[in-house]
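Colleague: Here's a structure for you.
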Amino acid sequence: MKRITGQLLHYSDDPHSQGGAAIHHVEAGAIVIGEDGRIAWSGEAARLPRQYHTLESVDYGDKLILPGFIDAHLHFPQYRMLAAYGKDLLDWLNRYTFIEEQRYGDPAIAAPAASAFLDELLRNGITSCLAFSTIHPSALDCLFEEAGRRNMAIASGKTLMDCNAPDGLLDSAQSAYDDSTALIGKWHGRKRLRYAISPRFAVTSSEAQLQAAGTLARENPGLLIQTHLSENKSEIEFVASRFAWSKDYTDVYDRYGLLTETALFAHGIHLSGRELARLSEAGSAVVHCPTSNNFLGSGLFRLRHTTTGSAPVRVGVGCDIGGGMSYSMFDTLRDAYTVSQLVGSRISAHEAFYRATLGNARLLGFDADAGTLEAGKYADLTVLDPAATPLMAERHALSNDLHDILFALMILGDDRAVTETYVAGAPLKPQT
Ligand code: GUN
Ligand code: ZN
């Protein structure tokens, strides 16, 4: 067992809708980590039970200890394929992404990539994610093997795509079903790993394959489903022409039974009122990927428009590497903030940090074991330094309340502000 001390911060609900009672801040706090990697005790250091007084301790002083960040949408095989100059989504996919992803059929490429990808997450305080892989079962094996070695709670799945992409990146409706079924049996529930049924998007799946995805969803109730939806205007037009019978883009997925309570749809920028109402009714979620939306010029996501009103839809946040510009959760939240300003509904730092922790944990079904600092959960933690650089220290000196500290951190922070990242109690931030 061991003890760490510092300022503790976590959320028990969305502070935007639930107010200050959802914010749990302890200025001089302590967390006791058990041999099982779970939090044995957390609270005010002054109230630390006597039996923990003699434990070996790491003191983080004034630094903030939060639940590890959780990213709800990114692409493992694009781990190094970011910052690629392209016109828009479909051009960028064809020109770079589909080329890079074909390499992942070779485990000699995918295995070191999995390690580098997870290192990059941990460098940025991210302890869990829902990630896309490629069509290759062996690439998913590489990702899950490496995540399992690190005890990380990672959700992913073999990508389903059988048309409108290079031959080297196509499966078939039948092989998608067969491979996914075998991989679910092999990985789902092993260690902290979860399988996600992963049709890439309606552009690259035939009707037969979407049908197969729906069959997988029916046969495996409760499994996560991830795909892309309504990201880019040309994409939406293409989907409308391919599926002429559909009411809209959402209706395509709906037809095949993919709107479930455990389905996450990346982007969802241009959804109509009908689509939002249907997603709300189904209990599905949308993942806001602001750095990607800005990078690819996809559009401005209206967070409040999506989360409130007569048809509220749950919203997560993700970096969407490599459409996204950065692994840093600070950058994702900073762009979520700037986009919220542009659409006229400013989000607070508390709401942003909630979405990056418990909010995403709930959407990914990881909240029983992660997302807060409560006893019993895994000690997946990120230790943040709001004064990590000379300029940040100067700005920090001006802060006079918790919100101001968090806001400056999210606007100015990068991986230098992540002092340590704990996964199931083990300090795993790469040192280089
Ligand atoms: N839509 C389908 N595939 C992708 C992808 O790899 N990245 C993004 N941003 N959108 C997609
Ligand atoms: Zn994506």
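The values are calculated or read from the model by the stated rules, or taken from the named source; none is laboratory data. Only a predicted model underlies this, so the values are computations on that prediction, with no experimental measurement involved. With ideal geometry, Cβ positions are generated from the backbone for all residues, glycine too; neighbour counts draw on all protein chains shown. To get the accessible areas, we keep the full protein, side chains included, count just its heavy atoms, and leave off ligands, DNA and RNA. Shrake-Rupley method; radii C 1.70, N 1.55, O 1.52, S 1.80 Å.
Colleague: May I ask you to list the residues in region 53-103 that are free of Cβ contacts under 8 Å to residues at least 40 places away in the same chain, hydroxyl-bearing (Ser, Thr, Tyr) and under 30 Å from ALA370 (Cα atoms)?
Modeller: Within region 53-103, just THR54 meets the criteria.
Colleague: Take region 285-320 and flag every residue that is away from ligand 2 (no atom under 16 Å from the Cβ), open to solvent by less than 10 Å² (accessible area, probe 1.4 Å) and hydroxyl-bearing (Ser, Thr, Tyr).
Modeller: Within region 285-320, just THR306 meets the criteria.
Colleague: Now, a different point. Please give the helices (runs of 4 or more DSSP H) falling wholly within region 68-131 in which 3 or more residues are charged (D, E, K, R).
Modeller: 107-123
Colleague: Look at ALA30 and say whether it is modelled with pLDDT of 95 or more and surrounded by fewer than 18 Cβ atoms within 10 Å (Cβ to Cβ).
Modeller: No.
Colleague: Hey, another quick one. Mind checking which residues of region 256-282 are open to solvent by 20 Å² or more (accessible area, probe 1.4 Å) and under 19 Å from THR308 (Cβ atoms)?
Modeller: Answer for region 256-282, where residues must be open to solvent by 20 Å² or more (accessible area, probe 1.4 Å) and under 19 Å from THR308 (Cβ atoms): HIS270, SER272, GLY273, ARG274, ALA277, ARG278, SER280, GLU281.
Colleague: Further question on the same structure: Give me the helices (runs of 4 or more DSSP H) completely within region 252-323, filtered to those with at least 2 residues that are within 19 Å of the chain's Cα centre (by Cα), ordered by residue number.
Modeller: Qualifying helices (runs of 4 or more DSSP H): 290-295, 303-307.
Colleague: Please go through (1) open to solvent by less than 30 Å² (accessible area, probe 1.4 Å); (2) within 18 Å of MET81 (Cβ to Cβ); (3) in contact (Cβ under 8 Å) with a residue 40 or more places away in the chain for ALA114 and return the number of the only condition it doesn't satisfy.
Modeller: The one condition ALA114 does not meet is (3).
Colleague: Next question, about the same structure. Please specify each residue of region 55-67 satisfying the condition of being under 18 Å from GLY425 (Cα atoms) and either part of a strand (DSSP E or B) or open to solvent by 100 Å² or more (accessible area, probe 1.4 Å) (or both).
Modeller: Passing the criteria: GLU56, SER57, VAL58, ASP59, TYR60, LYS63, LEU64, ILE65, LEU66, PRO67.
Colleague: Would you mind telling me which numbered condition in (1) open to solvent by 10 Å² or more (accessible area, probe 1.4 Å); (2) in a loop (DSSP other than H, G, I, E, B); (3) within 16 Å of ligand 1 (Cβ to nearest atom) SER246 fails?
Modeller: Single failed check for SER246: (3).
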